[in-house]
Amino acid sequence: MPSIISIKQSALLWIILWISLAAANAAVTPYAHYRMGDSAPASNGGNNLPYDSSGNGWHMTNSAAGTPVITSTGGPDNDAYYTFNGIDQHFYGTTTGWNPPEDNVGVEVWVRTPNLSQVNQHIFGTGDNTVGLNLGYDATNGTGWFGAVAGVAFAGSIGTGNYTAGDWIHLAVVRSAGITTFYANGIPVGTTTSVPADASGINALHMAVNNGGTSMFSGDIAEARIFT
């Protein structure tokens, strides 16, 4: 399994990946982008609901009883981030019409956690943990951070032994020409040709929670983006 490299190295590798995607698909276009307050409003209404800075208006519309904390600096490159307590904090839903592509689409997130024993946690994706593409964390059998065709098949994982608690890590899952690839800090870790279920509907998009709201992520999310 590839070793996980530094954040500084991963930034360059991710730029190379984006250039490759742009060359293959003519353009890389943001579909939804949650910056957690960097160069955009931090929230869309109460409870720190994430604001979509892509211009497409896919702001989060629902939250749990608890309100995630926004910290303005300290994330990757000293940017803002949200902290989720793993107990009663998460977001879901956007607006009517949510229907991201099922192919030639990617998801990325900057994330960290101090809790390496969490089981089957959804972080972010084109839908939830049952539809579309998703990124998450699962301590079961040492899986660790993973990318998947939600509810269908893993694309890859890094293992709990290849991550230090509390370190920022960049995760991405990209589906292109029917192949889904999982990246950790810019390194491709695994692939799958499984077909995702359609991620559509007002409540399909989830952040820091599994579908049904029964299991919530404990950790920090600094940046989350869906692009085509």
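The values are calculated or read from the model by the stated rules, or taken from the named source; none is laboratory data. Values in this document were obtained by computation on a predicted structure and should not be read as measured data. Don't worry about glycine lacking a Cβ; one is built from the backbone with ideal geometry, like all the others, and counts go over all protein chains shown. Side chains included, ligands, DNA and RNA excluded: accessible areas come from the protein's heavy atoms. Shrake-Rupley method; radii C 1.70, N 1.55, O 1.52, S 1.80 Å.
Of the peptides 208-215, 131-138, 32-39, 180-187, the order by per-residue mean of other Cβ atoms within 10 Å, starting with the highest, comes out as 131-138, 180-187, 32-39, 208-215.
When nucleic acids and ligands are ignored and a 1.4 Å probe is applied, residue 88 ends up with an accessible area of around 60 Å². Distant-in-sequence amide contacts of residue 205, defined by a placed amide H-H separation under 5 Å and a gap of 5 or more residues or a different chain, comprise 93, 94. With all protein chains in place and a 1.4 Å probe, the accessible surface of segment 97-228 carries 48 percent carbon and sulfur.
Amide hydrogen proximity for residue 133: with H placed 1.01 Å from N in the peptide plane, the residues at 5 or more positions away or on another chain lying under 5 Å are 126, 127, 150. Rolling a 1.4 Å probe across the protein heavy atoms gives the chain an accessible surface of 39 Å² per residue.
Note on the chain: Kirkwood radius taken over Cα pairs, Stokes-Einstein applied at 4 °C and 1.567 mPa s, translational D equal to 76 µm² s⁻¹. Relative contact order of the chain, taken over Cα pairs closer than 8 Å and 6 or more residues apart, is 27 percent. Residue by residue, segment 78-92 carries 3J(HN,Hα) couplings of 6, 9, 7, 7, 9, 10, 10, 8, x, 10, 9, 10, 5, 10, 7 Hz when phi is fed to the Karplus relation 6.51 cos²θ - 1.76 cosθ + 1.60 (θ = phi - 60°); x denotes Gly or Pro. Taken one residue at a time, the phi angles of segment 115-120 give Karplus couplings (6.51, -1.76, 1.60, θ = phi - 60°) of 10, 8, 9, 5, 10, 6 Hz. Gly and Pro are set to x.
Tell me, rounded to the nearest percent, the portion of alpha carbon pairs in segment 37-87 spaced more than 12 Å apart. Pairs farther apart than 12 Å: 64 percent. Which distance in Å, rounded to a whole number, links the C-alpha centroids of segment 29-99 and segment 143-194? Centre-to-centre distance over Cα atoms comes out at 22 Å.
Coupling constants for segment 206-219 follow from the phi torsions by the Karplus curve (6.51 cos²θ - 1.76 cosθ + 1.60, θ = phi - 60°), and in residue order they are 10, 10, 6, 7, 7, 4, x, x, 9, 9, 10, 6, 10, x Hz; glycine and proline get x.
Its DSSP H runs of at least 4 residues, each contributing -39,500 (n - 2.57), put the calculated 222 nm mean residue ellipticity of the chain at -3000 deg cm²/dmol, to the nearest 500.
In vacuo Debye scattering of segment 140-222, one point per C-alpha: log10 I(q)/I(0) at q = 0.11, 0.14 Å⁻¹? The Cα Debye sum returns log10 ratios of -0.33, -0.54.
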